[in-house]
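Asker: Can you keep this structure in mind? I'll have questions shortly.
The values are calculated or read from the model by the stated rules, or taken from the named source; none is laboratory data. All figures in this text were calculated on a predicted structure; none of them were measured in a lab. Cβ atoms come from the backbone with ideal geometry, glycine included; neighbour counts cover every protein chain shown.
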Amino acid sequence: SSFISHECRSLLHAIAIMRRVAISPLLLGWVASETCPGCPSTNYTCPYLADRGESAATCVNQQRLMDFAYYQQQCTEEVNIGGLSLQIDEDFQCGCYYGYWQCPDIWPWVTCADVAGISMQGFLLEGCQAQLEADREHPLLREQCGWVCKNGRPTVRCTYEFDHSSEYGLDGEAEYCFIYRECGEASSTMQVICKPVEPEVDPELEAKHNVTKELLEEAREQLAAAETEASVTAEQLQAELEKHNYTRAQVEALLQERDELIQLHQSASTNASAAADFNQRLQDALTQERTQRQQTRQKYQELLERHNDLRSDHEDLEDDGDVLRVILGVVGTLLVLAVGVIAALLYRRKMAQPPESAVREAQQGVPGANFVIGQPVGTGSQGAVEKFENPTTVKAPT
């Protein structure tokens, strides 16, 4: 019914139908990268998927061997579809019947129409991620799963391709590939490893191979030494390249400066006539200035000579002035003396003349009046006689 179909779709979509608990046949034991160092391998980290009911408690260590041969057992059919590609078909109802899967109770009624269009990511690699970045880009194992209708019953078909990108050097051949999944606390780890096909080797070829291997080891040692030397040389080349870049920058700067100079030269060439005229006027001005400077120098020499002559005359005048001052001092002293002598003589002369009243009396004829030069003398006056006999001496002023 439609109800059953819807319920089936929901359950299948929710828990991705199955959790593998069975192991494919033909287990050949443990193969790991430690026991096969030359074998290509990829390590994955696989978290537990809650929608599939996975946890550390329910996890079961799984191992699966794929030798690219045909196998058919109960609910599983493995077919090599070319090279390192396998197609594995798992009958859903068969797996539920034999307990290979954890299935819903309605599994007997699930039909091909019920599972049509339901997507499925896979069994082994669902939720897993390669631990190395290079392995993520080029995985060793690629898984694709989906639903098909086989023999009228719903079947899960998965395709496994090893070294799909040819990055691991298997060249489409391998003795077998081994998948081991180990449970952990927070997640499980899975390793995928493939053992390449070992060709049959002729003893003579093997001996040659050993010699070649020794030569190869020597060549590797020489290559390592050459790489070391090349590293040093690369550093030297880098230093030289930096010097070259610096020199190149300088050269470019010089070339730019040259271009600017060329432009300036071209600009100067267009103005050559004006520059020549300016140069000629400049030369004329310089010639005129030199002539004026020579004339000024001559005038300066003449003025300097005249100044020297005036200075000599001034010194002579200063000498003559000193003599003149001495003469004037002497003449002044003599003049002062002469004036003093003249003043003294004039004073004595004045004192020697008779008084004007006595002269007037004599002129008027006063009887009994006698005259002495310089002083009037009365007839009965003794004082006058004494004055006459002892005239007062007047000193000339000095």
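Asker: Please count how many residues of the range 104-128 are more than 14 Å from Q144 (Cα to Cα), out of contact with any helix residue (DSSP H, G or I) (no Cβ under 9 Å at 6 or more places or on another chain) and among the aliphatic types (A, V, I, L, M).
Answerer: Total satisfying the criteria: 1.
Asker: Which one is nearest to the chain's Cα centre (by Cα), of the residues in the range 153-187 that are surrounded by 15 or more Cβ atoms within 10 Å (Cβ to Cβ), farther than 16 Å from L86 by Cα and at pLDDT below 90?
Answerer: If we take residues in the range 153-187 being surrounded by 15 or more Cβ atoms within 10 Å (Cβ to Cβ), farther than 16 Å from L86 by Cα and at pLDDT below 90, then Y168 is nearest to the chain's Cα centre (by Cα).
Residue by residue, here is whether (1) under 60 Å from the mean Cα position of the chain (by Cα); (2) in a helix (DSSP H, G or I); (3) not small (G, A, S) holds:
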residue	(1), (2), (3)
Q266	yes, yes, yes
R281	yes, yes, yes
R311	no, yes, yes
L328	no, yes, yes
V331	no, yes, yes
L335	no, yes, yes
G340	no, yes, no
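Asker: Looking at the range 253-269, I want the residues that are surrounded by 10 or more Cβ atoms within 10 Å (Cβ to Cβ) and have a partner that is among the small types (G, A, S) with Cβ atoms under 8 Å, at least 6 apart or on another chain. Which pairs are those?
Answerer: A268/A275
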